[in-house]
Amino acid sequence: MTRLFSTRRRRGLAAFALLALGACQTMTSEPVAHTESASAPPHGPVLIATWPFGQQATDLALQVMQAGGSALDGIEQGIGLIESLGCDGTVGLAGRPNAAGYAQLDACIMNGPDHNAGSVAALEGIVHPISAARRVMEHSPHVMLVGEGARWFALQHGLESVDVSELPEKKQAFASQQTTPPDGEVGHDTIGLLILDAQGDLAGGASTSGAGGKWPGRVGDSPILGSGLYVDNEVGAAAGTGLGENIMRYAATTLIVERMRAGLDPQSACEEVIHHIAARDPRGYDLSICFIAIDKSGRVGAACSNDEFPYAVTTPAGSEVRKVSAVQPR
Ligand code: SD4
């Protein structure tokens, strides 16, 4: 997976201000065996997120919930923190720009108990896309808003924004080149966060700036329900990260949840879906895709097609970054 950990641009965006958490988490542990699946503690939430920086989201989300917030509050604030920090140059407005030189952001949120969801794509100049997604879910009759309409909606709901007056010029300059944009894989990651709360209900969210250098208007898997995120309150939830084009063509997180419904544990479900995609895709296992999943009993799992994959797991009993090796091709 093409990921550039060294570039961290921070633009001093107003944060959810958990300054104590400081910089983006990058430490990882040794890979864990693929059969690993944590059991839920008898009481209390279980949280899982993509990448080492996801631990800051899971830790904050747990704090939010322990202070009386809902799982959705945990999702919004946990992911919002990563959007503010610009971790890994791949989430929020500090994420890598598209081929025309500006950030277009994707985000999605889904609530288990009422199977409701909200999503925004190709959003420009809004600091917290995850908050925009939640507003779409809670304050619109729709599930997904994109581009100008998504920005207008976010502004109507008072969400924090930055000046986008230079964007028309950038768009014009890009359009006037009349060339095909380069292939857009110069580093990308997503914060995906899944929560099983103390009542046994599930929720999930995702946010990303998408693939650096992507074509303007390109939408990845993250805001597409069933691709980058899916939650079924009867069964479990899953989130994806990696090259969205290789996730969204297979509705991959729906497949993971359905495999859990059929009886697989989250770890096996994530692995099986990578095998499923690799068996059909001309790229085989060279897919650059990774998944996390959680089931209704709090078991968690993760798998990645062709790279190591660190992810964060937090419960009231502790918080750690785990790592899985790439799945072994069949
Ligand atoms: C996308 N899946 O937009 C996202 C990016 C990502 O690791 O997660 N990369 O394709």
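The values are calculated or read from the model by the stated rules, or taken from the named source; none is laboratory data. Bear in mind the structure is a predicted one, so any value in this text is a computation, not a measurement. Glycine gets a Cβ as well: all are built from the backbone with ideal geometry, and neighbour counts include every protein chain shown.
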Asp88: passes all of (1) within 16 Å of the ligand (Cβ to nearest atom); (2) in a helix (DSSP H, G or I); (3) at pLDDT 95 or above but (3)
Exactly one condition in (1) closer than 16 Å to Ile109 by Cα; (2) within 14 Å of the ligand (Cβ to nearest atom) is false for Glu245; which is it? (1)
Quick check on Ala211: is it away from the ligand (no atom under 14 Å from the Cβ) and either more than 12 Å from the chain's Cα centre (by Cα) or surrounded by fewer than 24 Cβ atoms within 10 Å (Cβ to Cβ) (or both)? no
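Which ones in region 122-158 are within 20 Å of the chain's Cα centre (by Cα) and more than 23 Å from Gly226 (Cβ to Cβ)?
Of all residues in region 122-158, those within 20 Å of the chain's Cα centre (by Cα) come to 122-138, 143-147, 150-151, 154.
Scanning region 122-158 gives Glu124, Gly125, Ile126, Val127, His128, Arg151, Ala154.
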Yes/no for Ser119 being under 15 Å from the mean Cα position of the chain (by Cα), within 16 Å of the ligand (Cβ to nearest atom) and modelled with pLDDT of 95 or more: yes
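Of the residues Glu320, Glu234, Glu245, Glu308, which single one is touching a residue at least 60 places away in the same chain (Cβ under 8 Å), among the acidic types (Asp, Glu) and farther than 22 Å from Ile195 by Cα?
Numbers: Glu320 fails: farther than 22 Å from Ile195 by Cα; Glu234 fails: farther than 22 Å from Ile195 by Cα; Glu245 fails: touching a residue at least 60 places away in the same chain (Cβ under 8 Å).
That would be Glu308, the only listed residue that is touching a residue at least 60 places away in the same chain (Cβ under 8 Å), among the acidic types (Asp, Glu) and farther than 22 Å from Ile195 by Cα.
Just one of Gly301, Gly263, Gly240 is free of Cβ contacts under 8 Å to residues at least 12 places away in the same chain and not acidic (Asp, Glu); which is it? First the steps, then the outcome.
Working: Gly301 fails: free of Cβ contacts under 8 Å to residues at least 12 places away in the same chain; Gly240 fails: free of Cβ contacts under 8 Å to residues at least 12 places away in the same chain.
That would be Gly263, the only listed residue that is free of Cβ contacts under 8 Å to residues at least 12 places away in the same chain and not acidic (Asp, Glu).
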Of the residues in region 108-127, those that are more than 14 Å from Ile75 (Cα to Cα) and in contact (Cβ under 8 Å) with a residue 40 or more places away in the chain come to Pro113, His115, Val120, Ala121, Ala122, Glu124, Gly125, Val127
Filter region 122-136 for residues that are in a helix (DSSP H, G or I) and more than 15 Å from the ligand (Cβ to nearest atom); which is surrounded by the fewest Cβ atoms within 10 Å (Cβ to Cβ)? Arg135
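So which of Asp281, Asp307 is within 29 Å of Lys214 (Cβ to Cβ), charged (D, E, K, R), within 16 Å of the ligand (Cβ to nearest atom) and modelled with pLDDT under 95? Steps first, please.
Numbers: Asp281 fails: modelled with pLDDT under 95.
It is Asp307.
Of all residues in region 180-208 being in contact with a strand residue (DSSP E or B) (Cβ under 9 Å, 6 or more places away or on another chain), assigned to a loop (DSSP other than H, G, I, E, B) and within 14 Å of the ligand (Cβ to nearest atom), which is modelled with the lowest pLDDT?
The extreme case among them is His188.
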Reported set for region 54-68 where residues are in a helix (DSSP H, G or I) and out of contact with any Leu (no Cβ under 8 Å at 6 or more places or on another chain) is Gln55, Gln63, Val64, Met65, Gln66
Scanning region 91-121 for residues that are outside any loop (DSSP other than H, G, I, E, B) and among the charged types (D, E, K, R) gives Asp106
Go through region 137-173 and give me each residue that's closer than 20 Å to Pro216 by Cα and in a loop (DSSP other than H, G, I, E, B). Val162, Asp163, Val164, Ser165, Glu166
Yes or no: Ala132 over 23 Å from Gly200 (Cα atoms) and modelled with pLDDT under 95? no
Which residues, counting only those in region 214-227, are within 13 Å of the ligand (Cβ to nearest atom) and either modelled with pLDDT under 95 or more than 17 Å from Ser131 (Cα to Cα) (or both)? Lys214, Trp215, Gly217, Arg218, Val219, Gly220, Asp221, Ser227
